[in-house]
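Report on the structure given below.
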Amino acid sequence: MPNNRIFYASHAVAVNSTQNTPRTVQGAQSVSVDTNFNLEQVFQLGRLDIYDNIQVDPDVSITINKVLDGHELIWTLSQANHAGPVPADGSIITHANDTSTIDLTVGEDTRNVLAAANATSFINMTGCFVDSLTYTFPVDGDFTEEVTFVGSHKAHTSAIDAPIHEGPGLVTADTGGNVLRRQNMQLSQSTLPSEVTGRKISNITVSTSFGREKMFTLGQFSPFHRFVNFPIEITTTFDVIADDISDSGDALIEEVTNECEGRGEQRKPIFLAVCDAEGNTAYEFDLGTGNALQSISYSGGDTGGGNVTETFTYIGYNTLTINDFTD
């Protein structure tokens with residue numbers, strides 16, 4: 001019987017680097033695929049109609065969002081030679097050239113579990129590079145990861161099963177996870193900038209874009225590589241529930257009138273640790289020591305009854321290591 005619709009239980013996505021078997025993303029919340037054929041037009045003298053509409057090079061963009069749940073990150077699954085519980089070196093520099101295969105499978109909309117044997121359609125995208133990463137740690141809601149991949153190939157190959165495996169070589173019917181929320185942020189194991197240390201933090205966001213550019217060679221239609229456009233900017237924002245106007249040290253801008261006097265050293269370390277449901281460290285996000293305070297915004301507290309929030313935005317470059325201690 002043909003499907004009448006596709007909804008959350010009837011499709012799944014897998015990410016596979018250099019392994020033989022695709023790893024279905026545990027805790028996936030959404031997946032989107034955009035295909036752009038990048039047309040260029042050629043006209044000719046003496047005629048108004050188009051002469052040719054050339055397909056220059058197609059682009060496929062895949063964005064996957066998952067909850068942090070004690071299972072492997074999408075970023076971890078995309079790493080070359082990843083085969084099991086690490087902790088692996090999740091440096092964005094080390095893995096800048098890693099490519100992944102992404103499988104999207106649609107099954108029957110009348111079954112409660114997706115199975116490859118009952119798939120109605122599926123696509124396979126090869127040679128995909130990670131193009132952006134975003135991690136969000138809110139006080140209300142789930143901790144999430146969002147990863148965008150870019151590639152040039154999209155074809156029908158083979159289907160995948162629902163997310164039923166918990167680790168390399170381990171297949172189990174237990175598909176549940178322990179979704180991580182505000183109590184799982186290990187502030188005691190984290191290093192925060194002085195401006196937000198000890199404050200009531202309501203949200204932390206870490207994001208970066210690799211700004212990839214395509215490389216071509218004669219005799220080949222598709223790009224042979226998509227390089228990272230260094231330097232990579234990494235942005236970290238802290239939303240703080242304000243109980244006073246921020247007056248902590250470097251957050252102030254004092255009048256500088258003396259010759260050769262400036263604000264001096266402003267670089268700060270940022271390190272975030274997240275624990276699982278058993279209290280063990282599950283993920284670490286090391287942004288190094290070169291993060292500079294870029295902006296402070298003060299907003300809210302209007303007559304609608306909202307609270308005042310201060311947002312501190314820090315900028316660093318090229319340093320982001322994500323250690324994944326999960327199965």
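Any read-out appearing in this document is the output of simple, stated calculations on the displayed coordinates, not a laboratory observation. Since this is a predicted model, take the numbers as computed values, not measurements. We place every Cβ from the backbone using ideal geometry, glycine too, and count neighbours over all the protein chains shown.
With coordinates expressed along the principal axes, the C-alpha atoms belonging to region 1-155 extend over 65, 48, 37 Å, beginning with the largest. Phi-derived couplings, Karplus 6.51 cos²θ - 1.76 cosθ + 1.60 at θ = phi - 60°, listed residue by residue for region 104-117: 10, 10, 10, x, 5, 7, 10, 10, 8, 9, 6, 10, 4, 5 Hz, with x used for Gly and Pro. Between Arg181, Arg212, Arg111, the GNM of the chain built on Cα springs shorter than 10 angstrom shows Arg111 fluctuating the most. For the chain, averaging the sequence separation of C-alpha pairs within contact (under 8 Å, six or more residues apart) and dividing by the residue count gives a relative contact order of 18 percent. Taking amide H as placed 1.01 Å from N in the peptide plane, the amide H of Ala119 sits under 5 Å from none that are at least 5 places away or on another chain. Springs between Cα atoms under 10 Å define the GNM used for the chain, and in it the highest mean-square fluctuation of Ala12, Ala80, Ala117 occurs at Ala117. What you get for region 1-69, charging only the Cβ of Lys and Arg (+1) and of Asp and Glu (-1), is a dipole of about 400 debye around the Cα centre.
When peptides 129-138, 268-277, 217-226 are ranked by their average number of other Cβ atoms within 10 Å per residue, the highest-first order is 129-138, 268-277, 217-226. Dipole orientation for the chain: of the candidates Ala12, Gln186, Phe137, Ala12 has the Cα lying most toward the positive pole (charges on Cβ; Lys, Arg +1; Asp, Glu -1).
Computed about the Cα centre, the dipole magnitude for the chain is approximately 940 debye when only Lys and Arg (+1) and Asp and Glu (-1) carry charge, each at its Cβ.
When the charge dipole of the chain is built from unit charges on Cβ atoms (+1 for Lys and Arg, -1 for Asp and Glu) and taken about the Cα centre, the candidate among Asn280, Thr76, Pro269 whose Cα reaches farthest toward its positive end is Thr76. For the chain, the mean projected area of the C-alpha convex hull, equal to one quarter of the hull surface, is 25.9 nm². If you take the square roots of the eigenvalues of the alpha-carbon gyration tensor of region 278-322 and sort them as a ≥ b ≥ c, do you get rounded (a/c under 1.5), prolate (a/b over b/c) or oblate? In terms of gyration-tensor shape, oblate. Close amide-amide hydrogen proximity is noted between Ser91 and Ile322, each under 5 Å apart and 5 or more residues distant or on a separate chain (H modeled in the peptide plane; Pro and chain starts excluded).
Using a ≥ b ≥ c from the Cα gyration tensor of region 86-164 (square roots of the eigenvalues), is it rounded, prolate or oblate, where a/c under 1.5 gives rounded and otherwise the larger of a/b and b/c decides, a/b for prolate? Oblate is the answer for region 86-164, as a/c is 1.5 or above yet b/c matches or exceeds a/b. Please give every one of the lysines within straight-line cross-link reach of Lys66, meaning a C-alpha to C-alpha distance under 23 Å, and leave out same-chain neighbours fewer than 8 residues apart. Within the straight-line cut-off, Lys66 pairs with Lys154.
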